[in-house]
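First up is the structure itself, then whatever we jot down about it.
The values are calculated or read from the model by the stated rules, or taken from the named source; none is laboratory data. Quantities reported herein were computed from a predicted structural model and do not represent experimental measurements. As a convention, Cβ positions derive from the backbone with ideal geometry for all residues, glycine included, and neighbour counts pool all protein chains shown.
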Amino acid sequence: MRIACIHAHPDDAEILAGGTLALLAALGHDMTIVTLSAGDCGSMIQGPDEIAAIRRDEAAESAALIGAHYRWGGFRDMAIFSDDPSRRAVTALLRELRPQIVLTAAPSDYLADHEAASQLVRDACFAASIPNYTTPSGSPALPAIPHLYFMDPIDQRDRGGAPAIPDFTIDVASTFEIKTAMLSCHRSQRAWLQQQHGMDDFLKQMEDWTRARGTQAGITLGEGFRQYKTHPYPHRPLLQQLLSAYTSAGKALPG
Ligand SMILES: [Zn+2]
């Protein structure tokens, strides 16, 4: 199955879904990790093009650890907006990747880029299946809207500070080591996050969040997801079924 994980910046996918991506890759699925931006604001020292090139390499190295592809969506930091050209660009990307499952950012999150990425991907999933909706690349429409999932927001809280409640949690204990190795590839971000976000150690912070999500589901290490099931997006719990051995939903999944 083709699966696309599309978030705003390099390291978001690893922090929020790295263990789940590693599980899916180990099952043999065709995975692509997309960052809409290459993270050109993520440095106090290097200029935007220099740090973006470094971060694209780091993201590609991380994706390669699980045999996934990496793509940059062509956007800049703090410049992701849900507008007409951006929606057509993300739609073109989806039509090229042709995923059956899409994982993206939470709709309410601490950063404007995350929320815009979420909205763009949500709406591009719908647009990608409409033949008369054109894109510059001219790729053919998808046969159906992909199954769409939202990752947790950063810190598992929405923009108003309320706890984000996932539909289900994936047990990532068996892939936590590779999740850590993937995030470790983002070497340029350690100093930046210390300075800008007051984060002493982003690996420890990621572990704390993953443990907190796991504890809430009665396991040790977890990643939370919500399936977007608003009409007419597909309702079938496809991701939950692919990872049924690792899914803590608190309710039985239809077969
Ligand atoms: Zn981000």
Exercise. Return the total of residues in the range 107-161 being under 18 Å from the mean Cα position of the chain (by Cα), closer than 17 Å to GLY73 by Cα and either within 12 Å of the ligand (Cβ to nearest atom) or outside any helix (DSSP H, G or I) (or both).
Key: 7
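Could you tell me whether the range 57-66 includes any residue that is on the phi > 0 side of the Ramachandran plot and either within 16 Å of the ligand (Cβ to nearest atom) or touching a strand residue (DSSP E or B) at 6+ places or on another chain (Cβ under 7 Å) (or both)? Steps first, please.
Within the range 57-66, the first condition is being on the phi > 0 side of the Ramachandran plot, and the residues that meet it are none.
The answer is no; no qualifying residue exists.
Give me a count of the residues in the range 1-37 that are surrounded by 22 or more Cβ atoms within 10 Å (Cβ to Cβ) and either within 16 Å of the ligand (Cβ to nearest atom) or within 12 Å of the chain's Cα centre (by Cα) (or both). Explain how you work it out, then say what you get.
Looking only at the range 1-37, we keep the residues that are surrounded by 22 or more Cβ atoms within 10 Å (Cβ to Cβ), and these are 3-24, 31, 33-37.
With either within 16 Å of the ligand (Cβ to nearest atom) or within 12 Å of the chain's Cα centre (by Cα) (or both) added as a condition, the list becomes 3-21, 31, 33-37.
Counting residues in the range 1-37 that are surrounded by 22 or more Cβ atoms within 10 Å (Cβ to Cβ) and either within 16 Å of the ligand (Cβ to nearest atom) or within 12 Å of the chain's Cα centre (by Cα) (or both) gives 25.
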Exercise. Test each condition in (1) in contact with a Phe, Trp or Tyr (Cβ under 8 Å, 6 or more places away or on another chain); (2) under 20 Å from ASP152 (Cα atoms); (3) among the aromatic types (Phe, Trp, Tyr) for PHE126 and report the one that comes out false.
Key: (2)
Exercise. Could you pull out the residue among MET44, MET78 that is more than 29 Å from SER174 (Cα to Cα), more than 13 Å from the chain's Cα centre (by Cα), within 16 Å of the ligand (Cβ to nearest atom) and surrounded by fewer than 21 Cβ atoms within 10 Å (Cβ to Cβ)?
Key: MET78
Practice problem: Identify the residue in the range 162-183 that is in a loop (DSSP other than H, G, I, E, B) and hydrophobic (A, V, I, L, M, F, W, C) and, among all such residues, is nearest to LYS204 (Cα to Cα). | Solution: VAL172
Quiz item: On the given criteria, is ALA164 farther than 22 Å from HIS235 by Cβ, buried (at least 18 other Cβ atoms within 10 Å of the Cβ) and either at pLDDT 95 or above or within 16 Å of the ligand (Cβ to nearest atom) (or both)?
Solution: no
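Table: residues versus (1) of a type in the set (Asp, Glu); (2) surrounded by fewer than 16 Cβ atoms within 10 Å (Cβ to Cβ); (3) in contact with a Ser or Thr (Cβ under 8 Å, 6 or more places away or on another chain).
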{"site": "LEU183", "(1), (2), (3)": "no, no, yes"}
{"site": "GLN189", "(1), (2), (3)": "no, no, no"}
{"site": "LEU193", "(1), (2), (3)": "no, no, no"}
{"site": "HIS197", "(1), (2), (3)": "no, yes, no"}
{"site": "ASP201", "(1), (2), (3)": "yes, yes, no"}
{"site": "GLN205", "(1), (2), (3)": "no, no, no"}
{"site": "ILE219", "(1), (2), (3)": "no, no, yes"}
Practice problem: Could you tell me whether TYR233 is over 21 Å from GLY18 (Cβ atoms), at pLDDT 95 or above and touching a strand residue (DSSP E or B) at 6+ places or on another chain (Cβ under 6 Å)? | Solution: yes
